[in-house]
Structure formats: C-alpha cells, structure tokens
Ligand code: GLV
Ligand code: MN
Ligand code: MN
Ligand code: MN
C-alpha cells in the first residue's frame with residue numbers, strides 16, 4: 001500500500017470536525033484504532049509483531065542476524081494536535097520497508113517498525129511514557145501512581161483496552177543495535193536551509209513544572225480591588241515574567257495548561273494551578289531559568305498576598321545523538337549532504353539514546369514550522385523524500 005493510501009487511511013481517525021485537529025489520547029478509542037490499523041499494516045507486510053506489557057509494539061522484518069535496526073515513532077497526539085507529529089514516522093517506516101523490498105534489498109540484520117505509546121504525555125502527564133517504561137527510565141512504582149485528568153489510573157486505562165500491563169521495562173529492545181526515528185520538523189530550520197530532510201544532532205533539555213498559586217476566594221463585585229488575594233493575578237504576572245526571561249536568553253518557556261478553582265466568573269479564584277514547559281540549550285540554563293521564574297513569581301505572590309509552590313513533574317536531560325552516525329546518515333545524497341540540526345522537541349529517540357542505544361533522527365520539512373496544532377503540515381513531496389531518506393538510512397544500517 002502506498003504512502004499516500006496509508007496517509008488517507010489514518011486521516012479521519014480521531015479528527016475533530018470543529019477544528020480539524022486530532023484527539024488521539026493513549027488507550028482511547030481513536031489511538032487504539034490507529035494501533036489496530038498499524039497491526040493490520042504489519043500483518044500485510046508479513047512483519048512479525050511483538051507487543052510488550054505496556055502497549056509498545058514492534059513489527060519485525062526478520063532477516064539476517066545480529067543487532068537489529070529499529071525505526072518507528074508514535075501514534076498518539078496532543079489535544080487537538082496535527083496529523084504528522086508521530087504518525088508520519090510510523091507511516092514512513094512502513095513505506096520505507098516497501099521501498100527497500102522494491103529495491104530488492106535483503107537486510108543483513110532484522111529491521112523493526114515500532115509504535116510507542118503515550119509519547120506526548122497528553123493523558124498521563126509524562127512525555128515519552130511508553131519508551132520510558134520500555135527502557136526502565138520510569139519505574140513501575142511511579143507509573144502505578146499516574147492518573148489522567150478524570151482520575152483513571154494508568155493501569156486501569158491499559159486494562160480497559162485489553163492490555164496486560166506489567167509497567168516494567170520490556171524485552172522489545174533486547175538485541176536492538178540502533179534506532180532511527182523520522183519525524184515532521186516542528187520548527188522552521190529546514191525551511192530556512194532550503195532542505196526537504198535533515199538529521200538531528202540532539203535535543204534540548206526540557207521539563208514540566210507545576211506552579212500552584214493559592215489565594216483567597218471572594219466576591220467579584222463586593223471585594224475592593226485592594227482587598228483581594230487573587231492567585232490569577234499572580235499567575236498572570238508570572239506568565240509574563242516567564243516569557244520575558246525566556247526571550248532574554250533565547251530559551252523557551254510556556255504556560256499551556258491552567259486549572260482554576262472554583263472557575264466561576266463572579267468569584268476571585270481560590271487557586272490557580274499552571275504547568276510550565278521550559279526548554280533550554282543546556283541543563284544549567286534550564287535550572288537557572290526555572291529558578292528565576294519561580295523567584296519572580298514568589299516575589300509577586302508576596303505583593304498579592306498569595307502563595308506559590310513549585311514542583312518539577314519531569315525533567316529530561318540534554319540529548320546528543322551520536323555525531324558519527326548523524327554524519328553517516330546525512331552524507332552524500334545525490335551529491336549533497338543533509339543539514340544536521342538540534343531540536344527543542346522531545347522524542348522517544350531521546351529516551352532510547354539516553355538508554356545507550358545508538359540513535360539518530362530524520363526530520364521532514366514543515367513549511368510553516370507550526371506543530372502541536374491542527375495547522376501542522378508537510379508537503380507530500382517532502383514526505384516522500386523523507387521515506388526515501390529513511391529507506392537509505394535503514395539500508396546503510398542493516399546492509400553489509
Ligand atoms: C513532545 O512532542 C514535546 O516535545 O513536547
Ligand atoms: Mn512526536
Ligand atoms: Mn509532539
Ligand atoms: Mn514529541
């Protein structure tokens with residue numbers, strides 16, 4: 001089945017008519033439908049499917065022997081996300097297998113196409129949960145405590161879709177020698193460089209931090225402005241400070257999720273919880289940025305008669321992909337080298353790399369750079385260049 005056909009098969013699954021964006025939360029019906037589709041595609045290609053106790057799945061092209069070559073990505077999306085973030089890597093991997101077979105290539109080592117669960121952390125709050133469970137980067141004790149916004153525990157969500165979760169690290173990575181993930185670019189570097197495809201050098205360190213602002217609920221009409229202890233105001237000023245601090249240092253800081261209590265129009269809120277996503281070029285700068293945002297927030301809280309408590313929910317260290325492998329994959333494509341660039345987005349590739357697996361990533365140009373949004377896009381022509389690029393990479397890695 002062609003890339004275009006696979007892409008149109010997936011297109012309607014989990015798409016909201018109102019926005020055109022995707023809601024493919026892990027272990028929900030749309031994500032499971034994508035997953036079932038993936039299993040069908042593996043079967044149609046004669047790939048030997050293995051699933052671990054957490055829902056991560058690999059379809060193996062068993063050929064040759066020795067350390068295997070893994071590719072793939074994820075099928076879940078952020079809330080109201082784009083079509084490409086994740087599925088492009090999975091569909092391109094399947095298409096790359098077809099391309100290699102058309103070329104008559106016979107791998108010296110097995111090639112696996114993987115689909116990892118809950119990459120976005122959109123349901124259980126922890127990004128790359130599937131791959132982190134896979135490598136043991138997240139303990140089963142911590143995973144057992146994870147709950148979604150409705151209070152459903154991760155284990156129950158997995159059980160509900162027929163998985164038999166063990167929440168332990170998995171045997172799927174046994175014998176894997178290297179991993180290549182293809183992904184839509186989530187910025188505009190490739191547009192600026194005039195290239196359809198690029199190779200990743202590394203991933204910026206990043207983290208998620210919960211900011212709890214507590215004040216005093218009160219009447220929106222009768223409470224004089226000077227008598228209020230309004231945590232929304234403290235939050236608003238902290239969000240401004242975060243934006244300014246990040247801009248000053250060329251870093252990234254975003255408050256994208258807020259919870260207000262009691263969330264009524266005619267009451268000064270009692271509490272605002274907001275989640276900061278911060279990303280910096282190095283780990284020390286990340287720690288300093290978050291500390292400065294907290295310092296300014298606490299200062300503002302003192303002025304507002306509110307309080308601020310900050311806790312880190314997850315922090316991912318800096319990832320440097322193997323430079324020799326990046327160069328090897330980037331080198332010499334129809335006489336030109338692909339650009340090698342760093343990214344500020346998190347990926348399962350970063351988790352596998354941190355676990356000591358030789359890892360590389362390919363990016364496909366995104367004309368506007370918009371991602372985590374219904375507007376995310378890549379031209380089909382560029383996606384097809386990406387499929388060829390991935391097939392070339394797999395050939396270099398699984399060939400003689
Ligand atoms: C995941 O895509 C992230 O970078 O947040
Ligand atoms: Mn992704
Ligand atoms: Mn994403
Ligand atoms: Mn990601």
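Side notes on the structure shown:
- Pairwise centroid distance, computed over Cα atoms, of the range 190-260 with the range 81-122, Å: 34 Å
- Take the Cα of residue 98, go 7 Å toward its beta carbon, and the backbone nitrogen atoms of the range 368-400 under 17 Å from that spot belong to 380-392.
- Annotation: the antiparallel percentage among DSSP beta bridges lying fully within the chain is about 70.
- Scattering from the range 206-316 was approximated by placing one identical point on each alpha carbon and applying the Debye formula without solvent; log10 I(q)/I(0) at 0.12, 0.18, 0.21 1/Å stands at -0.41, -0.81, -1.03.
- Estimated FRET transfer efficiency when R0 is 30 angstrom, pair residue 373-residue 139 (beta carbons, to 0.05): 0.35
- Candidates 94, 126, 155, ranked by Gaussian network fluctuation over the chain, Cα under 10 Å, top entry: 155
- Centroid-to-centroid separation of the range 267-298 and the range 312-388 [C-alpha atoms, Å]: 27 Å
- Most fluctuating residue given options 202, 168, 86, as computed from a GNM of the chain linking Cα atoms under 10 Å: 168
- For the range 292-398, the pair-distance distribution built from all alpha carbon pairs, in bins 5 Å wide starting at 0, is 2, 9, 14, 16, 15, 12, 9, 6, 6, 5, 3, 2, 0 percent.
- Pairs of alpha carbons in the range 114-218 whose separation is greater than 24 Å (percent): 43 percent
- Most mobile of 16, 220, 375 in a GNM of the chain (Cα contacts under 10 Å): 220
- Principal axes of the range 6-75: Cα extent on each, largest first, Å: 49, 25, 16
- As a calculated quantity, the FRET efficiency between residue 311 and residue 11 at R0 = 41 Å, using C-beta atoms, amounts to about 0.55.
- Stretchable slack from residue 284 to residue 266, in nm (0.36 nm times residue separation minus alpha-carbon distance): 2.2 nm
- Rounded tilt (10° steps) of 231-249 against the dominant C-alpha axis of the chain: 50 degrees
- Paired Rg and Dmax values of the range 61-111, which use every Cα atom, in angstrom: 13.7, 42
- Coordinate range along principal axes, alpha carbons of the range 3-148, Å, largest first: 45, 39, 18
- Rounded to 0.05, the FRET efficiency of the residue 248 and residue 216 pair, given R0 = 35 Å and the Cβ-Cβ distance, is 0.60.
- What the Cα atoms of the chain give is an Rg and a Dmax of 22.3, 78 Å.
- Each residue in 233, 240, 88, 79 was given a count of other beta-carbon atoms within 10 angstrom of its own, and listing them fewest first yields 240, 79, 233, 88.
- Among 306, 380, a tally of other beta-carbon atoms within 10 Å of each Cβ gives an order, fewest to most, of 380, 306.
- Contact order relative to length of the range 60-124, as percent, for alpha carbon pairs under 8 angstrom and 6 or more apart: 55 percent
- Nearest 10 degrees, 0 to 90: helix 283-304 Cα axis against the chain principal axis: 20 degrees
- Residue order for 311, 73, 139, fewest other beta carbons within 10 angstrom first, comes to 311, 139, 73.
- Computed [θ] at 222 nm, helices only, for the chain once each DSSP H run of length n ≥ 4 contributes -39500 (n - 2.57): -11000 deg cm²/dmol
- Nearest 10 degrees, 0 to 90: helix 29-44 Cα axis against the chain principal axis: 10 degrees
- Each residue, residue 33 and residue 79, gets one label point 7 Å from its Cα in the Cβ direction; the gap between the two is 2.1 nm.
No value in this document is a laboratory result; all are computed from the given coordinates. Everything numeric in this text was worked out from a predicted model, so none of it was measured. Every residue, glycine among them, receives a Cβ derived from its backbone with ideal geometry; neighbour counts consider all protein chains shown.
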